[in-house]
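Taking it in order: structure first as structure tokens, then the write-up.
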Amino acid sequence: MKTKYIKMTFLYLLLVAGIIVVVMPMVYMISTSLKPNGALYEFPPKFFPQLSEITLENYQFIIGQGKFYVNFFNSIFVSVTTVLIAAMVASAMGFCIARFDFFGKKFLFIFILLTMIIPGTTLIVPQYELAVKLKVINKLSGLIPFYIAWVIPYSTFMIKGFVENIPKELDEAIYMDGGSVFTVFFRIILPLAKPGIASVSIFNFLTAWEEFPWANTVINDNLKRTLPIAISGFFGQHQFTQWGYVFALSVLSLIPILLVFIFCQKFFVAGLTTGGVKG
């Protein structure tokens, strides 16, 4: 019994240490965003500002800039469009691979798996050449198609697993009643695979929302930039980095991510557990 308590105590201490490692950078970012820019370089440094030092001037500066709303809308547009198109395409592909036998099916699935192990940064040069040929440099259309191509393999792989857990008897019942493949897909597969689609959509949203290297390569126009590029614009500005502005903008950029997770949490949790249940 004593050994059990020792193990439990060690486990809880390990969990607390992990939480501190994960949470403290976030706490530091928020606390720094509430300090004046010059307070960051004070000595000795303070992790938390005093109540008299707390200021919203960094947030007021960021929100007062018109380009913040432009960059924010660009990120929303790119991320939402990526999620919607990727969800439709990946759902259809996952349904076809899970339900139908056709020539090249195994090769197609293996090809999808292989594309998942290729690091995205290794493809920047050929992708840039393709973007030049398509004339999508400095355009949001230079981001969306590439983001969709990045997330479709993983989304297809995950949704295929959810579709395979849906009993085929439901499909057969629709076919016996005279329904078509589209009826099965829209009336059976999509509603029952909703937790899986929502789960991958959360990851796809995060991918498009937080992506920096490709967006920084393709977009040079300030009015077409997304939030990650806008944040990097404060580094080295006026011969030193204005960390108060950087962290304030970073905190504001987290709001949509938190909202997406809060409203889709039940689908996310269901998506994690559904895969272990056989139909």
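What the table below lists for this structure:
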read-out: Number of the exception - ILE97 against (1) in a helix (DSSP H, G or I); (2) free of Cβ contacts under 8 Å to residues at least 60 places away in the same chain; value: (2)
read-out: Failed item in (1) modelled with pLDDT of 90 or more; (2) more than 29 Å from ASN220 (Cβ to Cβ); (3) buried (at least 16 other Cβ atoms within 10 Å of the Cβ), with THR55 passing the rest; value: (1)
read-out: The range 183-200, residues that are over 25 Å from the mean Cα position of the chain (by Cα) and farther than 22 Å from ILE148 by Cβ; value: THR183, VAL184, ARG187, ILE188
read-out: Candidates SER232, SER250, SER199 - the one that is touching a residue at least 40 places away in the same chain (Cβ under 8 Å) and under 18 Å from LYS67 (Cα atoms); value: SER250
read-out: Condition met for ILE137 (under 25 Å from ASN71 (Cα atoms) and not in a helix (DSSP H, G or I)); value: yes
read-out: Leading residue by the ranking (nearest to TYR245 (Cα to Cα)) among those in the range 7-52 that are part of a helix (DSSP H, G or I) and modelled with pLDDT under 80; value: ASN37
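A quick yes/no check of all residues on (1) farther than 28 Å from ASN204 by Cα; (2) exposed (fewer than 10 other Cβ atoms within 10 Å of the Cβ); (3) among the β-branched types (Val, Ile, Thr); (4) over 27 Å from the mean Cα position of the chain (by Cα):
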| residue | (1), (2), (3), (4) |
| --- | --- |
| VAL16 | yes, no, yes, no |
| MET29 | no, no, no, no |
| GLN65 | yes, no, no, no |
| VAL70 | no, no, yes, no |
| ILE76 | no, no, yes, no |
| ILE85 | no, no, yes, no |
| SER91 | no, no, no, no |
| GLY94 | no, no, no, no |
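For (1) out of contact with any Ser or Thr (no Cβ under 9 Å at 6 or more places or on another chain); (2) at pLDDT below 85; (3) closer than 19 Å to PHE77 by Cβ; (4) small (Gly, Ala, Ser), each residue gets a yes or a no:
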residue: VAL132; (1), (2), (3), (4): yes, no, no, no
residue: LYS139; (1), (2), (3), (4): yes, no, yes, no
residue: ILE148; (1), (2), (3), (4): no, no, yes, no
residue: MET158; (1), (2), (3), (4): no, no, no, no
residue: THR183; (1), (2), (3), (4): yes, no, no, no
residue: ILE189; (1), (2), (3), (4): no, no, no, no
residue: ALA193; (1), (2), (3), (4): no, no, no, yes
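The values are calculated or read from the model by the stated rules, or taken from the named source; none is laboratory data. Because the structure is a prediction, the values reported are computed rather than measured. Note that each Cβ is placed from the backbone with ideal geometry, even for glycine, and that neighbours are counted across all protein chains shown.
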